[in-house]
Each structure stands twice: as C-alpha cells, then as structure tokens.
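Let me begin by presenting the structure, written as structure tokens, before commenting on it.
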Amino acid sequence: MAKVEKIEELVVWQLAIELTNSIYKITNNSSFNRDFALRDQIRKSAISVPSNIAEGFERNSTNQFLYFLVIAKGSAGELRTQLLIAKNQNYIEEVKFEKINKEALEVSKKLGSFITYLKEFKSKANLKTLQH
C-alpha cells in the first residue's frame with residue numbers, strides 16, 4: 001500500500017466530504033430549513049465525519065488516528081439516525097433518504113474496514129519490533 005501524504009488522498013475522507021455536501025443540499029429545502037434544531041444537528045454530524053478523519057490523520061500517530069476514526073464512525077451513525085428522523089418528519093423524500101442513507105452506510109463501512117486495517121497493521125508493526 002502506498003503511503004498517503006495528505007488527507008485528500010484518502011477515499012473515505014473524499015466520500016465523507018461528498019456525504020456532507022449531500023446533507024447540505026437536502027437541509028436547504030424550505031421545510032427542513034425551518035427545523036433549526038434538526039437542521040443544525042444533522043449538519044454538525046455530517047461535518048464531524050470528515051473533520052475527525054482529517055484531525056486524526058494530522059496527529060501523526062496511529063493511536064490518535066484510530067481514536068478519531070472511531071469518533072468519525074460514531075458521527076456517521078448519529079447522522080443516519082438524524083436522517084431517519086428527518087424522513088419521518090417528511091423533510092426528505094423516500095428516494096433521497098435511501099440515496100443519502102446509502103452514502104452514510106458506505107462511509108461507515110469504509111471507516112470500520114479502515115479501523116480494522118490500521119489495528120492489524122499496528123499489531124503487526126508491534127510484533128516486528130518485538131522480534132528484532
């Protein structure tokens with residue numbers, strides 16, 4: 001695997017940015033835009049996902065990166081819950097809900113896979129250090 005030099009190279013970060021853009025588009029509609037509490041909270045959750053990925057990446061520590069990836073994954077779950085609430089309040093049409101929820105699930109799954117990969121990589125690196 002090639003070394004990632006900057007956050008913009010990470011596919012999971014790119015997908016999280018796209019998800020955030022989708023959330024902003026749907027929350028700009030008139031009925032959703034008037035529910036200030038839900039609108040603001042779902043935007044904060046969406047923003048939190050790529051922001052935490054980036055913050056962890058910039059810490060230059062695998063442990064710190066893992067910590068922030070777990071927070072990002074939690075925010076993705078929070079976002080999916082808020083999407084369902086918005087759909088139940090008829091702020092989002094079923095088709096749009098399905099599309100954005102699918103995006104959120106993809107980000108969450110990729111974060112989970114990335115977390116697993118980094119834990120395994122870290123474990124193998126520690127094992128190599130012990131063997132020398």
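Odds and ends about this structure:
- Scanning the stretch 91-132 for residues that are at pLDDT 95 or above and polar (S, T, N, Q) gives Asn101, Ser108, Ser113, Thr116.
- Consider the stretch 46-90 and keep the residues that are β-branched (Val, Ile, Thr) and within 9 Å of the chain's Cα centre (by Cα). The one that is farthest from Leu111 (Cα to Cα) is Ile47.
- Residue in the stretch 1-19 that is surrounded by the most Cβ atoms within 10 Å (Cβ to Cβ), counting only those that are touching a helix residue (DSSP H, G or I) at 6+ places or on another chain (Cβ under 6 Å) and either farther than 13 Å from Ser108 by Cα or free of Cβ contacts under 8 Å to residues at least 60 places away in the same chain (or both): Trp13
- The residue list Ser22, Ser31, Ser61 contains one member that is over 18 Å from Glu103 (Cβ atoms), touching a residue at least 60 places away in the same chain (Cβ under 8 Å) and not aromatic (Phe, Trp, Tyr), which is Ser31.
- All conditions in (1) exposed (fewer than 11 other Cβ atoms within 10 Å of the Cβ); (2) within 20 Å of Ser113 (Cα to Cα); (3) not aromatic (Phe, Trp, Tyr) hold for Ser30, with the sole exception of (2).
The values are calculated or read from the model by the stated rules, or taken from the named source; none is laboratory data. Because the structure is a prediction, the values reported are computed rather than measured. So basically every Cβ, Gly included, is an ideal-geometry build from the backbone, and we count neighbours across all protein chains shown.
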